[in-house]
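The values are calculated or read from the model by the stated rules, or taken from the named source; none is laboratory data. The shown structure was predicted, so the numbers you read here are calculated from the model rather than taken from an experiment. Note that each Cβ is placed from the backbone with ideal geometry, even for glycine, and that neighbours are counted across all protein chains shown.
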């Protein structure tokens with residue numbers, strides 16, 4: 001018999017849509033919590049984002065495993081009464097509706113917490129719910145732009161979005177960890193708490209290093225697949241047109257690269273390259289020297305020499321490369337349209353990946 005999951009017996013009511021809140025509650029469901037997902041009568045709009053996962057949305061299949069779905073019309077008295085009944089038996093309530101929507105429906109989290117002092121609530125918002133921008137709509141790419149993330153992403157010619165919904169995912173992960181902290185605190189004090197997590201705050205926190213560089217007079221520039229503070233750290237092409245990314249993190253690693261890959265130990269003591277600060281100052285020349293050596297080697301030769309030098313490297317893969325990657329762990333998840341396989345959750349417990357629940361049909365938990 002499999003061991004009981006750590007959150008078994010915990011009930012979570014999730015008035016959620018899209019990505020950020022579903023990411024958080026999916027992790028709670030994986031850990032054994034009963035997650036009751038409240039959807040509109042027409043369903044979470046993420047169900048319609050695409051149809052690539054056995055005819056279903058990849059987003060929905062990824063983020064809603066292990067939950068039950070209850071479709072409610074919260075504009076109706078009956079729908080609100082049903083939701084209130086579900087919340088009365090909940091340990092945790094999570095919501096990421098538009099600013100003020102829960103209060104307008106008669107569900108003030110302050111009142112809910114007064115009625116049940118053990119209740120943990122988590123509101124995911126775009127901006128500070130008490131700030132001037134509280135009512136503004138907020139989606140992933142909008143926050144990427146507003147926070148300045150796009151300004152440091154991409155190549156020199158123009159800014160770019162990050163290729164995944166990084167704001168939503170980061171916010172969901174932050175909410176998940178905050179909920180777990182609140183559960184631990186409740187176990188000690190017996191009291192719940194009200195959590196708010198804004199997408200903007202999450203990204204601002206993640207952008208601390210580039211912000212401090214800017215405020216310190218070294219505003220970061222877009223450098224594509226290079227590193228703004230380290231050199232050489234970027235992509236180089238081999239004789240057979242393969243692309244390899246290397247990362248030299250220390251002067252010791254630079255010396256080993258010079259000896260075993262560049263085959264010129266004098267470069268490790270050259271004042272233009274002796275320290276990382278020097279190499280960044282002379283980045284164009286540093287990269288030119290390294291690039292010339294890569295062009296003299298096939299990918300197999302380059303990888304062998306980089307391995308001998310014991311420096312960090314990676315192949316510049318695409319999704320086909322990830323799909324066939326020997327390190328990719330997968331899980332098989334049951335969905336209304338059959339099993340779908342996709343990457344396994346990262347944590348392994350006692351060396352094993354926990355089993356996960358099925359993806360719900362709309363209103364399968366009514």
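At pLDDT 95 or above and either over 22 Å from the mean Cα position of the chain (by Cα) or over 30 Å from residue 317 (Cα atoms) (or both): is that true of residue 217 in this structure? No: the conditions fail for residue 217.
Does residue 363 satisfy the criteria of being on the phi > 0 side of the Ramachandran plot and surrounded by 11 or more Cβ atoms within 10 Å (Cβ to Cβ)? Yes: the conditions hold for residue 363.
Residue 225 falls short on exactly one of the conditions (1) within 30 Å of residue 169 (Cα to Cα); (2) touching a helix residue (DSSP H, G or I) at 6+ places or on another chain (Cβ under 8 Å), and that condition is (2). The lone criterion from (1) closer than 30 Å to residue 224 by Cβ; (2) touching a residue at least 40 places away in the same chain (Cβ under 8 Å); (3) not assigned by TED's automatic domain parsing to the domain that holds residue 240 left unmet by residue 364 is number (1).
Considering region 1-87, the qualifying strands (runs of 3 or more DSSP E), each wholly inside and each with 2 or more residues that are surrounded by 20 or more Cβ atoms within 10 Å (Cβ to Cβ) and free of Cβ contacts under 8 Å to residues at least 60 places away in the same chain, run over 34-39. Among residues that are touching a helix residue (DSSP H, G or I) at 6+ places or on another chain (Cβ under 6 Å) and surrounded by 11 or more Cβ atoms within 10 Å (Cβ to Cβ), residue 356 is included. Restricting 184, 152 to those that are over 26 Å from residue 139 (Cα atoms) and in the same structural domain as residue 27 (by TED's automatic domain parsing) reduces the list to 184.
Set side by side, the residues 127, 109 differ, and just one is crowded, with 16+ Cβ neighbours inside 10 Å and modelled with pLDDT under 90, which is 109. For region 260-277, the criterion of a residue being assigned to a loop (DSSP other than H, G, I, E, B), in the same structural domain as residue 300 (by TED's automatic domain parsing) and within 10 Å of residue 311 (Cβ to Cβ) is satisfied by at least one position.
This table checks each residue for (1) over 17 Å from the mean Cα position of the chain (by Cα); (2) within 16 Å of residue 124 (Cα to Cα); (3) outside the structural domain of residue 126 (by TED's automatic domain parsing).
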{"position": "173", "(1), (2), (3)": "no, yes, no"}
{"position": "177", "(1), (2), (3)": "no, yes, no"}
{"position": "191", "(1), (2), (3)": "yes, no, no"}
{"position": "194", "(1), (2), (3)": "yes, yes, no"}
{"position": "200", "(1), (2), (3)": "no, yes, no"}
{"position": "212", "(1), (2), (3)": "yes, no, yes"}
{"position": "222", "(1), (2), (3)": "yes, no, yes"}
